[in-house]
1. For segment 110-127, what are the residues that are within 16 Å of Leu52 (Cα to Cα) and surrounded by 16 or more Cβ atoms within 10 Å (Cβ to Cβ)?
2. Kindly evaluate Tyr114 against the criterion of being closer than 24 Å to Lys33 by Cα and either modelled with pLDDT under 90 or among the hydroxyl-bearing types (Ser, Thr, Tyr) (or both).
3. Go through segment 69-114 and give me each residue that's aliphatic (A, V, I, L, M) and either over 18 Å from Ala47 (Cβ atoms) or within 14 Å of the chain's Cα centre (by Cα) (or both).
4. From the set of residues in segment 26-57 that are among the aromatic types (Phe, Trp, Tyr) and either outside any helix (DSSP H, G or I) or in contact (Cβ under 8 Å) with a residue 12 or more places away in the chain (or both), which is farthest from Asp97 (Cα to Cα)?
5. Residue under question is Val124, and the condition is that it be modelled with pLDDT of 90 or more, out of contact with any strand residue (DSSP E or B) (no Cβ under 9 Å at 6 or more places or on another chain), over 16 Å from Ser43 (Cβ atoms) and among the β-branched types (Val, Ile, Thr); does it hold?
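The values are calculated or read from the model by the stated rules, or taken from the named source; none is laboratory data. Quick caveat, the model's predicted, so the values are computed rather than measured. Counting neighbours? That spans all protein chains shown, and the Cβs are built from the backbone with ideal geometry, glycine included.
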Amino acid sequence: MRRFDLQHFSHISTIATALVAVLALVIAIWQIKAAENIQREASAREAFKEYLKLAIDKPDFANAQPGDNKGAKSGYEWFVTYFLYSAEQIYTAYPDDPQWHKGLAAEVCYHEVYLSGAEYQKSVKLQHDPDFAEFVDAALKTCSQ
């Protein structure tokens, strides 16, 4: 082969190697993001499952109402706080899933009295992501329908 052909081949090889490296980097980033999404979804489902398990294991919390136990914070209020934590994880992990949103809205309605009350509206609500808080408020508007 002529020297010119070898240099030309060397340049093409270098460019091809760089393109393959860039492609590998893009695929690696995509895999990392996919793994993060899968982990976030699994964590959200697990948190919601624990909320449901708590509702079954502690029916006195699940059936209580705000203020049933006088004191700093009733078991029911802690129970709703756990619900909000797990529901927010689900909402964040599945932002466009109408079935999850429907299920979460039904749970919001179950806790309508507390979530419409002053404690939630003035302080607890501020601890959550604004999009999730807006979702809860929108769900509360559908509760009596």
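1. Across segment 110-127, the qualifying residue is only His111.
2. Against the criterion (closer than 24 Å to Lys33 by Cα and either modelled with pLDDT under 90 or among the hydroxyl-bearing types (Ser, Thr, Tyr) (or both)), Tyr114 does not qualify.
3. Ala72, Leu84, Ala87, Ile90, Ala93, Leu104, Val113, listed by residue number.
4. Once the filter is applied, the top-ranked residue is Tyr51.
5. no
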